[in-house]
């Protein structure tokens, strides 16, 4: 009996140690890649700073809306604007990315973000909502354009497993920025005020601009004689001839169902303001989910492959069901938020890398732009539907369950893609 128990303990300990070593190995891959790729290292630093700054204004914007006592529809509309800008510009951003040097384009876009962020300090009453809409639209249009430019740049400087790890790293940095930005912003808004958060955000973008300005990015810009309209037509012809690319774009758009900003703001307003200040509740809930976003790929990064991705879709749906169940209790909701974020980063990074791996180099900019358009359309639609359903007698729990069902449908769709398309493995 004693020997049997010792054997069980040994098996359990050995299993945990193997997992620990596997996790260390994955973290080592990130460090090694950053050490070997100087341009990626600088881009990642810029990304960390600029994303960190961005979340200051995000919490401040939603706190401002709650202070102004606006309707659920307005909160959802502002959340939708975060994504709608990228949708509108996507058909034109792709051809521009394929023709313009990425560094010049990215510098211009950061400059736009600086101007739009500083101007947010002028919004302080209901009559200024039109200005808030305009500035959020411009700010997020620039951010989306920058993101698409960077994601089309990565496959030009990296390949194979390095590209997959870089995408995971990109997601982890986004999540880490999200975690720290949301948490610290909640306290900054609470102690220093909304305008201070906007000013700090702009300062972060100024630092990012300076770092990018001194970064040497050497990539080949293909000479394309076609005009923008012809390039757009050529892209649609390519997608028609390469159906797996279009299927993978649609698959990635399912991740847009994780656009929870409006849902979290409504949860805080409906359930938690009697427990904690709105800005703190917003920051804590987003931070809890972002903890999951950061640690998720560390745990399942070595496990994931093309076949297993379907299980991650299912797990994301189940996590949302858990969140709906725990929503009434603030502390249980914090724990559920971690679980919700746990699978999201892997879903995003792996589905994105699948697309990059299965398209021709000539079309990187355009396909990535259209992919982002579909993703942002999904996120904008999700934000709109949260507000629409919330104002039409749907409970927040029911809305969350509907979003979870969406991921189960995504799992079924991915099984269809694997069965009917020749999808290359990433590694």
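The values are calculated or read from the model by the stated rules, or taken from the named source; none is laboratory data. Just so it is clear, the structure is predicted and the values come from calculations on it, not from any experiment. Don't worry about glycine lacking a Cβ; one is built from the backbone with ideal geometry, like all the others, and counts go over all protein chains shown.
Scanning segment 270-279 for residues that are part of a helix (DSSP H, G or I) and surrounded by fewer than 21 Cβ atoms within 10 Å (Cβ to Cβ) yields 270, 271. Any residue in segment 387-402 that is under 23 Å from residue 170 (Cα atoms) and touching a residue at least 24 places away in the same chain (Cβ under 8 Å)? No, that holds for no residue. As for segment 309-328, it holds at least one residue that is in contact with a helix residue (DSSP H, G or I) (Cβ under 6 Å, 6 or more places away or on another chain) and within 27 Å of residue 194 (Cβ to Cβ).
Residues are listed down the side, and each one gets a yes or a no for (1) modelled with pLDDT of 90 or more; (2) within 23 Å of residue 139 (Cα to Cα):
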position: 207; (1), (2): yes, yes
position: 211; (1), (2): yes, yes
position: 220; (1), (2): no, no
position: 238; (1), (2): no, no
position: 257; (1), (2): yes, yes
position: 267; (1), (2): yes, no
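For segment 364-417, the tally of residues that are within 30 Å of residue 98 (Cβ to Cβ) and buried (at least 21 other Cβ atoms within 10 Å of the Cβ) stands at 19. Might you check whether a residue that is part of a helix (DSSP H, G or I), more than 30 Å from residue 98 (Cβ to Cβ), under 18 Å from the mean Cα position of the chain (by Cα) and touching a residue at least 12 places away in the same chain (Cβ under 8 Å) occurs anywhere in segment 354-361? No: zero hits. Among the residues of segment 406-427, those that are part of a helix (DSSP H, G or I) and touching a helix residue (DSSP H, G or I) at 6+ places or on another chain (Cβ under 7 Å) comprise 406, 407, 408, 410, 411, 413, 414, 415, 417.
In a helix (DSSP H, G or I), surrounded by 20 or more Cβ atoms within 10 Å (Cβ to Cβ) and without any contact (Cβ under 8 Å) to a residue 40 or more places away in the chain: which single residue out of 315, 336, 319 fits that description?
Of 315, 336, 319, the one residue that is in a helix (DSSP H, G or I), surrounded by 20 or more Cβ atoms within 10 Å (Cβ to Cβ) and without any contact (Cβ under 8 Å) to a residue 40 or more places away in the chain is 336.
Among the candidates 115, 136, 121, the residue that is within 22 Å of the chain's Cα centre (by Cα), assigned to a helix (DSSP H, G or I) and farther than 17 Å from residue 219 by Cα is uniquely 136. Just one of the listed residues (94, 86) is buried (at least 23 other Cβ atoms within 10 Å of the Cβ), at pLDDT below 80 and within 30 Å of residue 270 (Cβ to Cβ), and it is 86.
For residue 226, the criteria (1) modelled with pLDDT under 85; (2) in contact with a helix residue (DSSP H, G or I) (Cβ under 9 Å, 6 or more places away or on another chain); (3) farther than 27 Å from residue 139 by Cα; (4) assigned to a helix (DSSP H, G or I) hold in every case but one, which is (4).
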